[in-house]
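Student: One structure follows; several queries about it will come next.
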Ligand SMILES: Nc1ncnc2c1ncn2[C@@H]1O[C@H](COP(=O)(O)OP(=O)(O)O)[C@@H](O)[C@H]1O
Ligand SMILES: [Mg+2]
């Protein structure tokens, strides 16, 4: 099981992303970024956060700790924003929390270099889970104490929004052209050799066991789902094992995209988009936020 905490105070909404996650204090004195069960795309998003987050962690990719956050309906009392009020009220029960990293910097292509080995592993992982949300526009990566951290896996495993379409996703080529790390010379072949053998049925079963029953949705329509949670867990495990076995169908294109990305799109020169009134760019070595 994931560690379970209880929310004690709603601090504020994080409006950078689309899903209006909230910053919350909990009874373990921790602070968490909470994804609400009542948010737009529903509980499968929370399942994707756990499955991808814990799978990434098992592959030694850096992901902040995940917990379940129990939310009482009264948590919303005093929140002035109507939209947030509604969201919290409908999210009473079990929600997903990610350890808040205070002072973390948003990833930017102009930030510290990500080593080719790590970039390759992240790209390979995103292709495996079909993460459509790690683009240079919306990288969903942070730098914390100088180290890259992966966040926000809610837009991966998208097959679970429409299970009848899942077989078609097994060997689908991953579009890496907009990936935030495609210009970091990602070593996809090395990543495949290192990580492929680690993604086993026992590992996936351990990861799926961490997903609360209430977040599992089989092919039945939301709310009418009568499938046993373990049957849905097995769907995910089988889907990910099939995706892994189908690497001959998607890996060559990924290797090619990594090679193209590293060749083609050189980073913009410093200061390229600066408005005139801001003056000349600072000397190299001075970081801008
Ligand atoms: N664990 C964290 N620590 C610090 N900041 C975070 C953390 N998780 C998210 N954030 C900030 O909140 C924003 C929105 O979170 P995210 O998980 O990406 O939600 P969304 O689904 O709305 O995109 C992120 O872009 C980041 O700036
Ligand atoms: Mg995001």
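Student: Residue 80 passes all but one of (1) in contact with a helix residue (DSSP H, G or I) (Cβ under 9 Å, 6 or more places away or on another chain); (2) not assigned by TED's automatic domain parsing to the domain that holds residue 215; which number fails?
Tutor: (1)
Student: Look through region 21-35, keep the residues that are part of a loop (DSSP other than H, G, I, E, B) and within 18 Å of residue 94 (Cβ to Cβ), and return whichever of them is farthest from ligand 1 (Cβ to nearest atom).
Tutor: Of everything passing the filter in region 21-35, 27 is farthest from ligand 1 (Cβ to nearest atom).
Student: Just need a number here: residues in region 139-151 that are surrounded by 18 or more Cβ atoms within 10 Å (Cβ to Cβ) and either in the same structural domain as residue 44 (by TED's automatic domain parsing) or in a loop (DSSP other than H, G, I, E, B) (or both).
Tutor: 3
Student: Looking only at region 152-178, how many residues end up being part of a loop (DSSP other than H, G, I, E, B) and either surrounded by fewer than 23 Cβ atoms within 10 Å (Cβ to Cβ) or touching a strand residue (DSSP E or B) at 6+ places or on another chain (Cβ under 6 Å) (or both)?
Tutor: Final tally of qualifying residues: 10.
Student: Is there a residue being within 22 Å of residue 125 (Cα to Cα) and out of contact with any strand residue (DSSP E or B) (no Cβ under 9 Å at 6 or more places or on another chain) anywhere in region 62-79?
Tutor: No, because not a single residue in region 62-79 is within 22 Å of residue 125 (Cα to Cα) and out of contact with any strand residue (DSSP E or B) (no Cβ under 9 Å at 6 or more places or on another chain).
Student: Out of everything in region 149-163 that is within 8 Å of ligand 1 (Cβ to nearest atom) and farther than 13 Å from residue 43 by Cα, what residue ends up being farthest from the chain's Cα centre (by Cα)?
Tutor: Among those residues, the one meeting the criterion is 149.
Student: Now, a different point. Just the residues that are over 19 Å from residue 242 (Cα atoms) and in contact with a helix residue (DSSP H, G or I) (Cβ under 7 Å, 6 or more places away or on another chain), please, taken from region 164-187.
Tutor: Within region 164-187, 176, 177, 179, 181, 182, 183, 184, 185, 186, 187 meet the criteria.
Student: Please determine whether any residue of region 101-111 is within 16 Å of ligand 2 (Cβ to nearest atom), outside any loop (DSSP other than H, G, I, E, B), modelled with pLDDT of 95 or more and under 16 Å from the mean Cα position of the chain (by Cα).
Tutor: No, every residue in region 101-111 fails to be within 16 Å of ligand 2 (Cβ to nearest atom), outside any loop (DSSP other than H, G, I, E, B), modelled with pLDDT of 95 or more and under 16 Å from the mean Cα position of the chain (by Cα).
Student: Right, another one. Confirm whether residue 125 is without any contact (Cβ under 8 Å) to a residue 40 or more places away in the chain, touching a strand residue (DSSP E or B) at 6+ places or on another chain (Cβ under 9 Å) and not in a loop (DSSP other than H, G, I, E, B).
Tutor: no
Student: Same structure, new question: Are any of the residues in region 209-217 modelled with pLDDT under 95 and buried (at least 18 other Cβ atoms within 10 Å of the Cβ)?
Tutor: Taking every residue of region 209-217 in turn, at least one turns out to be modelled with pLDDT under 95 and buried (at least 18 other Cβ atoms within 10 Å of the Cβ).
So that you can scan it fast, the table gives a plain yes or no per residue for (1) at pLDDT below 95; (2) within 21 Å of the chain's Cα centre (by Cα); (3) closer than 15 Å to residue 215 by Cβ:
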{"position": "41", "(1), (2), (3)": "yes, yes, yes"}
{"position": "44", "(1), (2), (3)": "no, yes, yes"}
{"position": "47", "(1), (2), (3)": "no, yes, yes"}
{"position": "52", "(1), (2), (3)": "no, yes, yes"}
{"position": "56", "(1), (2), (3)": "no, yes, no"}
{"position": "62", "(1), (2), (3)": "no, yes, no"}
{"position": "72", "(1), (2), (3)": "no, no, no"}
{"position": "79", "(1), (2), (3)": "yes, no, no"}
{"position": "82", "(1), (2), (3)": "yes, no, no"}
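Student: Which residue is surrounded by the most Cβ atoms within 10 Å (Cβ to Cβ), if the candidates are limited to region 17-59 and must be without any contact (Cβ under 8 Å) to a residue 40 or more places away in the chain and out of contact with any strand residue (DSSP E or B) (no Cβ under 6 Å at 6 or more places or on another chain)?
Tutor: So the residue we want is 57.
The values are calculated or read from the model by the stated rules, or taken from the named source; none is laboratory data. Just so you know, these numbers come straight off a predicted model, no measurement behind them. Glycine also receives a Cβ, built like all others from the backbone with ideal geometry; neighbour counts cover every protein chain displayed.
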